[in-house]
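Visitor: Here it is, the structure in full.
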Amino acid sequence: MRISRLSPVPILFLRTSGCVLVSACLAASSQLPPNEVKITTVGNYRHITANGIPDHTPGQFPNRHNPNVIGPQNYDYKVPLKPKVAKQPVAYHMQPFGIAVNGVVFDPFAAEWWQGNPASGWQYEPHGGAIDLGLDSSNAHVQPNGAYHYHGIPNGLLEKLSGDKPKMTLVGWAADGFPIYGPWGYSEAKDAASPLKKLEASYAIKQGARPAGSPGGKYDGSFVNDYEYLEGVGDLDASNGRFGITPEFPAGTYYYVLTAEFPFIPRQFAGTPDASFERRGPPGGGFGPPGRGGRRGGPGMRPPPPPGFPPPPF
């Protein structure tokens, strides 16, 4: 244990498990630059530029399970103003699913694999309990390049936008242009007067044991592969979305929902993601180095719109 004398802020260095963890005497958020985000519409696109700094108090980073420091980014994304549902869901790999209205990205996958080998095809689920990635109360942590990003419901942002009350809340935009909402939605998708409820995903942990050549044991949610889509079990489709009315789209739209259970953040697109979201930096992991490969999750197909409900007004 030693105290640095080179900084006006005393910093305590702790060595544990072969890693050096930095614990500043001030809260992490007090050292961050201000949040910067700008959302504009140009032509047929919505442009989002941001520095990726949260506008709510993040957890302490570095921490025991995440050694990275939050740092400003240079995000420059665009999404179509008139998105269209694709004929088939679009899988994606280790890249952001979308970006929140505060300029922090939604990036659900972790660069953590069984036996450290992406070729195994068995990718750890950040919320599965088998690994601890040091997520804070907003289900976020930090990539090796300093990018703070969400792996689930951004509680700090959601509380700020909704006043910590049940409310259908727009929290961001997916890479294909469709809106992303928090967990609350109308119990009847086409009826804004229907009671609010927490919408449920339609995924469940598979029954039985994992096959030969895998980590073995019973399916328990430790891996992305442990889950399967069961149409009709919940309120949402395989892309964790549905067609319905929202406060911002009173005529109806397709929209995504962040849920408290798998997939948390959608693992496939209903539309076609813009190329500006393709990975240009380290993937979202814990101690894993940047540049390790990714594998998609979220099997299943998106069911068609409910009978009698029109397609999105785009």
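Visitor: Assigned to a strand (DSSP E or B), at pLDDT 95 or above and β-branched (Val, Ile, Thr): does that describe Ile99?
Guide: On the way: assigned to a strand (DSSP E or B): yes; at pLDDT 95 or above: yes; β-branched (Val, Ile, Thr): yes.
For Ile99, the condition - assigned to a strand (DSSP E or B), at pLDDT 95 or above and β-branched (Val, Ile, Thr) - is met.
Visitor: Could you please tell me which pairs satisfy a Cβ distance under 6 Å, a separation of 6+ or placement on different chains, a first residue in region 102-125 that is open to solvent by less than 10 Å² (accessible area, probe 1.4 Å), and a second residue that is among the β-branched types (Val, Ile, Thr) and part of a loop (DSSP other than H, G, I, E, B)?
Guide: The qualifying pairs are Phe106/Ile265; Pro108/Ile265.
Visitor: Of all residues being under 12 Å from Ile180 (Cα atoms) and buried (at least 22 other Cβ atoms within 10 Å of the Cβ) in region 244-263, which is farthest from the chain's Cα centre (by Cα)? Just the residue, please.
Guide: Taking the candidates together, the pick is Tyr254.
Visitor: Right, something else. Looking only at region 167-199, how many residues end up being farther than 18 Å from Ile265 by Cβ and among the aromatic types (Phe, Trp, Tyr)? Break it down into steps so the answer makes sense when it comes.
Guide: Taking region 167-199 and keeping what is farther than 18 Å from Ile265 by Cβ, we get 167, 186-197.
Going one step further and asking which of them are among the aromatic types (Phe, Trp, Tyr), we end up with 186.
Qualifying residue count, region 167-199: 1.
Visitor: Would it be correct to say that Pro54 is at pLDDT 95 or above, in a loop (DSSP other than H, G, I, E, B) and crowded, with 19+ Cβ neighbours inside 10 Å?
Guide: Criteria met by Pro54.
Visitor: Please tell me if Gly177 is farther than 23 Å from Val69 by Cβ, within 13 Å of the chain's Cα centre (by Cα) and crowded, with 22+ Cβ neighbours inside 10 Å.
Guide: On the way: farther than 23 Å from Val69 by Cβ: yes; within 13 Å of the chain's Cα centre (by Cα): no; crowded, with 22+ Cβ neighbours inside 10 Å: yes.
The answer is no for Gly177.
Visitor: Something else about it: Going through Ser214, Ser194, Ser239 one at a time, which residue ends up being in a loop (DSSP other than H, G, I, E, B), of a type in the set (Ser, Thr, Tyr), surrounded by 22 or more Cβ atoms within 10 Å (Cβ to Cβ) and at pLDDT 95 or above? Can you show your working first?
Guide: Values: Ser214 fails: surrounded by 22 or more Cβ atoms within 10 Å (Cβ to Cβ); Ser194 fails: surrounded by 22 or more Cβ atoms within 10 Å (Cβ to Cβ).
Being in a loop (DSSP other than H, G, I, E, B), of a type in the set (Ser, Thr, Tyr), surrounded by 22 or more Cβ atoms within 10 Å (Cβ to Cβ) and at pLDDT 95 or above holds for just one of Ser214, Ser194, Ser239, which is Ser239.
Visitor: Taking region 148-168 as the search range and keeping residues that are within 10 Å of Ala100 (Cβ to Cβ) and not in a loop (DSSP other than H, G, I, E, B), which one is most open to solvent (accessible area, probe 1.4 Å)?
Guide: Leu161
The values are calculated or read from the model by the stated rules, or taken from the named source; none is laboratory data. This one's a predicted model, so the numbers in the text were calculated from it and none came from an experiment. Note that each Cβ is placed from the backbone with ideal geometry, even for glycine, and that neighbours are counted across all protein chains shown. Side chains included, ligands, DNA and RNA excluded: accessible areas come from the protein's heavy atoms. Shrake-Rupley method; radii C 1.70, N 1.55, O 1.52, S 1.80 Å.
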